[in-house]
């Protein structure tokens with residue numbers, strides 16, 4: 001999949017000091033891409049938007 005148009009943003013939960021950051025691009029049609037910010041040219045994990053939304057819902061519920 002071509003990710004050239006991806007608009008990446010860092011997770012607000014990432015550790016900015018240690019470089020351990022996750023970036024997410026949710027602007028692509030039909031897919032949410034996740035990558036390691038230390039290796040932007042590397043591979044990205046691709047998720048169905050519904051699966052990604054369910055993942056976020058579960059994470060938020062567990063963090064309360």
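Every number in this text was worked out from the coordinates using simple rules, so none of it is lab data. Model, not experiment: these values are computed from the prediction. Cβ atoms come from the backbone with ideal geometry, glycine included; neighbour counts cover every protein chain shown.
Brief remarks on what is shown
- Label point distance in nm, residue 13-residue 46, each placed 7 Å from Cα along Cα→Cβ: 2.5 nm
- Under Stokes-Einstein, with the Kirkwood radius over Cα pairs as Rh, the value for the chain at 37 °C and 0.692 mPa s is 262 µm²/s.
- Of the residues 55, 47, the one with the fewest other Cβ atoms within 10 Å heads the list, and the complete ranking is 55, 47.
- Residues 13, 35 arranged by fewest to most Cβ contacts within 10 Å: 13, 35
- Relative contact order (%) - the chain, alpha-carbon pairs under 8 angstrom, separation at least six: 22 percent
- Neighbour counting of Cβ atoms within 10 Å sorts the residues 22, 32, fewest neighbours leading, into 22, 32.
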